[in-house]
Amino acid sequence: LFLAKLDGTAKGGVVIPIRQQFSLPVKYVGVGEKSSDLALFNVDEFVDALFQGA
């Protein structure tokens, strides 16, 4: 899976049920508008960002 627009307000939480349903790994995340804004997916950073400000 490729998660685009992770910098948005939804924080990409939808990726968890999609990943579970299709059994596909998340490889990259988009954190901006340009192709240079692609980053390797890091599960620890993703979980930390989900709960930031909770």
- request: Any chance you could list P(r) for segment 2-51, counting all Cα-Cα pairs in 10 angstrom bins from zero, rounded to whole %?
  value: 25, 61, 14
message: With 10 angstrom as the radius, rank LYS27, LYS34 by how many other C-beta atoms surround their C-beta, starting from the fewest.
response: LYS34, LYS27
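Computed from the coordinates by the stated procedures, all read-outs in this text should not be read as laboratory data. Model, not experiment: these values are computed from the prediction. Neighbour counts run over all protein chains shown; Cβ positions are idealised from the backbone, glycine included.
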